[in-house]
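Worksheet for the structure shown next.
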Amino acid sequence: MADASKTNPQGVERLGYLGLGLMGTPMTRRLLKAGHQVAVWNRSEGKVAPLVAAGARRAATSRDMLANADIVFMCVTDAAAVEDVIFGPDGLAAASGAGKLVVDFSSIHPDAARDLAARLKDANGAGWIDAPVSGGTKGAEEGTLAIMAGGEAADIERARPYVLHMARRFTHMGPIGAGQTTKLCNQVIVGCAMAVLAEATRLASNAGIDASRLPERSPAALRIPSRFSSSCRAWSRASTRRRLAISRQCSRISTRSPMSPRRRQRRCRWRPSRDRYSGWPRLHAAPTRTLWKSTSSRPQTAEPTRVLESPYGNFLRSSSARNRPYRPRANSRGSLAL
């Protein structure tokens, strides 16, 4: 650990923050509000001035930041940006990193996190924690983020007092890369929750219920978070449009069945039906009248029918034609009637 005599007057370690975007700026403000001295650097200079006015120290480069800080926090857009900040001109790797610690809040691939950590360790000996965040900008402003961390247990405990000024939970998930993997699991859960909430919202709307009241009257487990409400409505509308488009396309393609137009008209009429609960079209065709055998003038029992699946949609065929190959017939002009 770095010598405490070279740190802030309170006896805590010197801090730095790289990447002052939507997440980095409010997280840095919380560190400043907690009384820590924080050096800041950003690839675009315009975002640095407000934090310098709030009490932060401006670092000339990312190399300068690591040279004058013991723990450097970082939150940038993707793995390419992380690599540029570390190994680019005047990057973190150019400074002495013995006893220093880099905490990466960016969301990147687990393999990229492990590779960058190993390369930085070989370059200057700095430690690494991959710590992607969950909670959005509101969580960053209120300090209610959930952070999933991967790295050495000693490094996690060293960074914990400072991270908890920015987050409500800081969980050690395993070695380097485990934090990014946990973030992927978290996103899978969030995506599934959005889909389920969209289905419930559409069901309520089709039943004549004001869907905006679901969070008020539903059990706690079914309450829709406010940050999901707009996403659920957009998801539901997009899903409905997609299903209707598929239905129309299948309806057009289904008219190209091997039957002649007259035979097709005599046998069945093609129509998409709608589900009685969700209101979405079900992609199948249903007969609208009885299919009588043509070998007798007397009405007989209707032939059993089945739905055949094909790349061009589902259509009905009688059991008598089940094993009969289709042979195109020539029309009066001598061309095949397809």
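On the beta carbon distance between R169 and D84, with R0 = 45 Å, the FRET formula returns roughly 0.90. Here each label is just a point 7 Å from Cα along the line to Cβ, and for A49 and A98 those points are 4.1 nm apart. Determine which residues of the stretch 93-109 fall in the zone a paramagnetic label at T77 would reach in this model, i.e. backbone nitrogen under 20 Å from the point 7 Å along Cα→Cβ. Within reach of a label on T77, which here means backbone N under 20 Å from a point 7 Å along Cα→Cβ, the stretch 93-109 contributes 104-109. Annotation: amide H of Y17 within the under-5 Å range of A39, V40, W41, F73, sequence separation 5 or more or interchain, hydrogens built in the peptide plane. Checking the Cα-Cα distances for K33/K138; K47/K138; K138/K183; K100/K138 against a 21 Å cut-off, the pairs over it are K100/K138. Highest average first, the peptides 16-23, 156-163 ordered by how many other beta carbon atoms sit within 10 Å of their residues are 16-23, 156-163.
Under 19 Å from a point placed 7 Å out from the Cα of A193 along the Cα-to-Cβ direction: which residues of the stretch 131-171 have their backbone N that close? In the stretch 131-171, the label zone of A193 (backbone N under 19 Å from the point 7 Å along Cα→Cβ) covers 132-149, 167-171. Sequence-ordered 3J(HN,Hα) estimates for the stretch 178-191 from the Karplus curve with 6.51, -1.76 and 1.60 and θ = phi - 60° stand at 5, x, 5, 5, 5, 5, 4, 4, 4, 5, 4, 5, 5, x Hz, glycine and proline given as x.
We did not get these values from a lab; they are worked out from the coordinates using the rules stated. Note that the structure is predicted; figures quoted are calculated from it, not measured. For neighbour counting, all protein chains shown are included, and Cβ atoms are generated from backbone atoms with ideal geometry for every residue, glycine included.
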